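Trainee: Encoded as structure tokens, here's the structure I'll be asking about.
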Amino acid sequence: MYRKILDLLQAGQSVAVATVTASRGSTPREIGAKMLVVGEGQIAGSVGGGCGEAQVLWDAVRSLAEGRPMMSVVDLTGEMSEESPTNCGGIMEIFIDPMLPADPVRPGPSSIRVAGILARAMDDREPVVLATLVTTPDPIRFPLGTRAVIWSTRQEGVERLPGASVILERAAQAIAGNRSRRIGVPIEGAAGEAAVFLEVLAAPDELVIVGAGHIAVPLARMAKVLNFEVTVIDDRSAFANRARFPEADRIIVADIAKSVADLRIAPNTYLVLVTRGHTFDQAALLQVIHKPAAYVGMIGSQRRVRAVFQFLRRMGVGEEDIQHVYAPIGLSLGAETPAEIAASILAELVAVRHKSRTAHRPRHRASTANEREIGEPRPDPGG
């Protein structure tokens, strides 16, 4: 979203960014949900749909016209009824930040600088926190809307916020937990405390599908529904192409081992090896087994898995690294079709994502009802 904001600012357009910073009761959107308002009311995103969004839109247009940030409190308690089809009934506090191409005098980094920093951080898959002062009992010393940007190892603008040391500590916790939050910060000599919203921006989890065969097609499609950024790798353009993978964010047609070696592997990268042969699995595993991926899984029967692991040992790979490979891949769902096999793989990815005990990574998993289907799919030239 900050890439879109940056594009608008660079084109000379102002944009109001409405963010849910707190909620109580049954509300339609989660903390951190956003809506952009451009011009006299063009919108992107949502902070609640029919549930109070008209009020937020009105406030956002006013915020842009006046060039000042404001808090919009949406009280939906009067909308609760058994007949209501919407999930309305609580209270949302939505901070509206007018981001202008040329900001008036405002402490902290400018709107266009903030948008540029955050857009680059997303491109680089580097987690970052945008800290914004959303309530203040002392607007003279600490103006509403003062911003700072905080990375894991550096910051810009925090000294302009109250309680800088507290903000830095809580921002580090927010990055570690990948969860946005609003915190209270006391201001010496002021009645009451300020509130700072710590918005964590982290790149989406990335699923790298190595092998573009018959299982990869439904796997890529379903992964997008689960908010994965999808990369497909194969050395055959007849299989790895936009016609077969319209949903993929990136398609790489090149030598498999080299392509995997060139990947930027992050702690939120999930690698699924569904190649057409164990030699390709071996070559790919050698490139990633020492890297900090969230998940590395390999398709194959028990026999194929044992052969690949024996090869890795001969190549000097330690048992601890081998134990981190999920193989045979997927949860035991009795899968038969490529789509069902893809579903079993994604079920395991979701379990790992949420650290569920249903996700295992033993070196030799016991035989399961769907081992034949997952380990030895029906013959297909796509692998």
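The values are calculated or read from the model by the stated rules, or taken from the named source; none is laboratory data. Predicted model, so just to flag it, every value in this text is computed and none were measured. Note that we place each Cβ from the backbone using ideal geometry, even for glycine, and neighbour counts take in every protein chain shown.
Trainee: Taking only region 220-266 into account, find how many residues are assigned to a loop (DSSP other than H, G, I, E, B) and touching a Lys or Arg at 6+ places or on another chain (Cβ under 6 Å).
Mentor: 3
Trainee: What are the residue pairs meeting all of these: first residue in region 128-155, first residue in the same structural domain as I94 (by TED's automatic domain parsing), second residue in a loop (DSSP other than H, G, I, E, B), Cβ atoms under 9 Å, and 6 or more apart or on different chains?
Mentor: If the second residue must be in a loop (DSSP other than H, G, I, E, B), no pairs are left.
Trainee: Still on this structure, please answer the following. Do you know which residues across region 206-232 are closer than 19 Å to A293 by Cα, crowded, with 22+ Cβ neighbours inside 10 Å and not β-branched (V, I, T)?
Mentor: Selection gives E206, L207, G211, L219, A220, A223, F228.
Trainee: Could you tell me how many of the residues in region 115-134 are part of a helix (DSSP H, G or I), in contact with a Leu (Cβ under 7 Å, 6 or more places away or on another chain) and aliphatic (A, V, I, L, M)?
Mentor: 5
Trainee: Give the residues of region 141-164 that are surrounded by fewer than 17 Cβ atoms within 10 Å (Cβ to Cβ) and part of a strand (DSSP E or B), sorted by residue number.
Mentor: Across region 141-164, the qualifying residue is only E156.
Trainee: Any residue in region 309-332 that's without any contact (Cβ under 8 Å) to a residue 40 or more places away in the chain: show its pairings with residues that are part of a helix (DSSP H, G or I) and not hydrophobic (A, V, I, L, M, F, W, C) at Cβ separation under 7 Å, as long as the two are six or more apart or on different chains.
Mentor: Filtered contacts from region 309-332: F311/Q282; Y326/E348; L331/S344; L331/E348.
Trainee: Got at least one residue in region 302-321 being part of a loop (DSSP other than H, G, I, E, B) and in contact with a strand residue (DSSP E or B) (Cβ under 8 Å, 6 or more places away or on another chain)?
Mentor: No.
Trainee: Another one. Can you say whether R242 is free of Cβ contacts under 8 Å to residues at least 24 places away in the same chain and more than 16 Å from the chain's Cα centre (by Cα), as far as the supplied structure shows?
Mentor: It is true that R242 is free of Cβ contacts under 8 Å to residues at least 24 places away in the same chain and more than 16 Å from the chain's Cα centre (by Cα).
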